[in-house]
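Here the structure is laid out as C-alpha cells; the discussion comes afterwards.
Taken together, the values in this text are just the output of simple stated rules run on the coordinates, not laboratory data. All values derive from a computational prediction rather than experimental measurement. Using ideal geometry, Cβ is built from the backbone for each residue, glycine included, and neighbour counts are taken over all protein chains shown.
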C-alpha cells in the first residue's frame, strides 16, 4: 500500500537515497559516446543510444545498493520521441534490476487531461478492449498549482495500481521563494498552504508505515522550511532534492526523516552520475565512481539517522 | 517579435481562437478507428494511427479559418513514445498548413532541466557539432510555481528562436481557486501575485503589438478574475481556456481582449473536435462539423469584439 514498497526497499538496503538519471550528453563518458556515434552517427539516434548505454551501466552499478532511480523527463524529451522510447526502456531496465522508479515529470493538469497523464505514466491505456502499458513508472512528481482537480486522477490510478505521487511543496532552487514563500492565508506561506493541501489530498490512503499515496517534494537547500514541513505533514513521504551539487548537506536532510529514518528519500543526480568527472580517468571508471559516490552519500546521511 | 506572429495570424483570419487537439480515442469517428485497427491492430500502433488521421483531417478542415492549434501533450504521452512521435508529426503537419502551434505541456522545472525542456520543445538539441530539431512548437504552456528559475530558460530560447510561452495564472477548472484564490501578499491573491510575476518575467520583450514573450493563461470560467487580470497585465498576451464545454461564454471571454480585439486567444477543444457527435452522422462529417463549430465560435466571440 502507498509508499510501503519504497519504504521497504529503503529498509532492506539501509539506504534512503535515490539516484537521479538526468543525463545531459556531456555527462556520458567519451568512450560510450564514441561507440554510439560510430554505430549510429552524431545525431539523435546516436545520442539516445549513448545515454541508454550510460543509464544501463549506472543501474547495473547501483541496483544492489540504491533502492530507486529518478529519471528526469526533460532530458529524454529533449531528444524527441526517440528519447521517450529510451526512457521507457530505461524504466523497464531499472525494474528488471529490482529498482523503484520515480518519473520526475512535474505534470499538472486537470480532469480528463490529468487522467490521460496518469494512464500514460502510472496506469494503462485502453485501446478498445485492450489494455496497453505506457511508461510504467512506480511514482511520478506533480505540480499542484491547479488544485485537487490535477491530483485526484493520479491518486485514483495510484490506488488501482498501488502507486504513488510526490507533489511540489517547497522546491530546492534559488528562486523557489519567489512565489512559494510569499505570505498567504492566515499568517502562513504559499508553500505552507500547499503542504496542508497535500496532507488533505492524501488523507485516508495511509499504508502500513503511516504514509499516504500523496508524497511531497521539499528541498534540502532550505533546512528550516524542511523541518517545518516534516512537522506539518506527519503522514507525508518526502522526496528531498538539493543534496550535494545544489548545496544541501546530510545535516540539512536529516530533518526530513521521522523515527527510524523513515518517511523520506534524498535525491542526488550529478553527484552520482557525474562522479567519474572527478577521478581523472576519463570516465572509463564511471560505474565504480557512481557506486563509490552512492555509498559515500548513503554513509554520509546515515551518520544522522538509523534506518529500521 | 514575441506574440507578433500569432497576433498577425489572428488579424489575417479575423479569428482569435485556437483549436485544442486533445484526442481521446473515443473522440475519433468509428470509420477512422476501424481503418487503422484493420491495418495495425487494436493496440497502441493502431490508436496512434487513428488519432493522427483524425488530427490531419481536423487541421485540413480548419487551417484556412483558424490561426492556431493547441495539442495537449497528455493525450499523446498516454500513448507512450509512439504518441510522442505522432505529436511531432502533428506539429509538423500543422506547420505545413500554415498554423501556429501551442504545445500545451505545462512544464515547470529549474535550471538545466528547464533548459532541456526548452531545447526539446522550442529550440534545438546539440549532439556534438550537430543541431537537432525536437518537437518544434511555436509556443508552450508553463507552470511558474518554481519561480523565475523555471521560466527564464524558456524565455532565453524563445528570444533566440522568436517563440513564446504562456504561464498559468488563473486556470479554468472548478478547483483552481483551492490554491490560486487564497489571500496572499498585501491584500492580494496567489493568482494575482503570479500575474505580477509574469509581467515582470516578460518585461523588456515587447513586440510591435506591445506584448511580451511571456503570455498568461486565464480561464474563461472566471470572468471577474479574467477582467482583473486583463487590467493588471497590460503587456501580456492571454490564452483563455474554458469556452464552450467548460461553461465560458463569448460574453465572458470578451474581457480578455484589449483594443481592436487584440492580446488574447480563446481555446476550444471538445467543442470543435467532437462537434461531429452532435450531428447524428456517426462522424462521417467530422471535418465539416469541426469547421462549422469553429466558424460558429469565431462569429460568437466576434459579436463582442472587432479585430483589426
task = Any chance you could list P(r) for segment A:148-231, counting all Cα-Cα pairs in 10 angstrom bins from zero, rounded to whole %?
result = 17, 47, 29, 6
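Go ahead and estimate [θ] at 222 nm for chain A from helices alone: -39,500 (n - 2.57) per DSSP H run with n ≥ 4, summed, over the residue count, rounded to 500.
Values: 13 runs with 134 residues, N = 308.
After summing the helix terms and dividing by the residues of chain A, the value is -13000 deg cm²/dmol.
Using the beta-carbon distance between residue A:60 and residue A:133 and R0 = 25 Å, what value does 1/(1 + (r/R0)^6) give for FRET efficiency, to the nearest 0.05? Show your work: numbers first, answer last.
Working: r = 24 Å, r/R0 = 0.94.
Approximately 0.60, to the nearest 0.05.
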request  = Quick one: with label points 7 Å out along Cα→Cβ, list the inter-copy distances for residue A:98 in nm, shortest first?
outcome  = 6.2
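Antiparallel as a % of all DSSP beta bridges within the protein assembly as shown, to the nearest 5?
Numbers: 15 of 71 bridges.
Percent antiparallel among DSSP bridges in the protein assembly as shown is about 20.
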key: For residue A:159, label point 7 Å along C-beta direction: distances to other copies, nm   = 4.8
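At 1.002 mPa s and 20 °C, plugging the Kirkwood radius over alpha-carbon pairs of the protein assembly as shown into Stokes-Einstein gives what diffusion coefficient in µm²/s?
On the way: Rh = 24.5 Å.
Roughly 87 µm²/s, to the nearest whole number.
Can you work out D for segment A:4-301 in µm² s⁻¹ from Stokes-Einstein, where Rh is the Kirkwood radius over C-alpha pairs, the temperature is 37 °C and the viscosity is 0.692 mPa s?
Working: Rh = 19.5 Å.
The diffusion coefficient I find is 168 µm²/s.
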ask   = Relative contact order of chain A: what whole-number percent is it, with Cα pairs under 8 angstrom and at least 6 residues apart?
value = 20 percent
ask   = What is the calculated FRET efficiency for residue B:224 to residue A:196, with r their C-beta to C-beta distance and R₀ = 41 Å, to the nearest 0.05?
value = 0.95
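By count of other Cβ within 10 Å, fewest leading, how are A:8, A:77 ordered? Intermediate values should be presented prior to the final figure.
Working: A:8 15, A:77 26.
If I rank by nearby Cβ atoms, fewest first, I get A:8, A:77.
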remark   = Diffusion coefficient in µm²/s returned for segment B:112-172 by Stokes-Einstein, Kirkwood Rh over C-alpha pairs, 10 °C and 1.306 mPa s, is 133 µm²/s
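Using the count of nearby Cβ atoms within 10 Å as a rough guide to exposure, how do B:176, A:268 rank from fewest to most? Write out the running numbers ahead of the final one.
Values: B:176 25, A:268 28.
Final ranking by Cβ density, sparse to dense: B:176, A:268.
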remark   = Computed over all unlike Cα pairs, the Kirkwood hydrodynamic radius of segment A:246-308 in Å stands at 12.6 Å
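In peptide A:40-47, what is the residue-averaged number of other protein chain Cβ atoms found within 10 Å of each Cβ?
Neighbouring Cβ atoms belonging to other protein chains average 4 per residue here.
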query = Shortest first, in nm, what separates the label point of residue B:40 from those of the same position in the other copies (7 Å along Cα→Cβ)?
reply = 2.1
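Determine the shape class of segment A:5-143: with a ≥ b ≥ c the square roots of the Cα gyration tensor eigenvalues, call it rounded for a/c under 1.5, and otherwise prolate if a/b is greater than b/c, oblate otherwise.
Numbers: a/c = 1.96, a/b = 1.19, b/c = 1.65.
Taking the square roots of the gyration eigenvalues as a ≥ b ≥ c, segment A:5-143 is oblate.
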inquiry  = Please compute the alpha carbon radius of gyration of segment A:8-80, then divide it by the globular-protein estimate 2.2 N^0.38 Å. Two decimals is fine.
reply    = 1.25
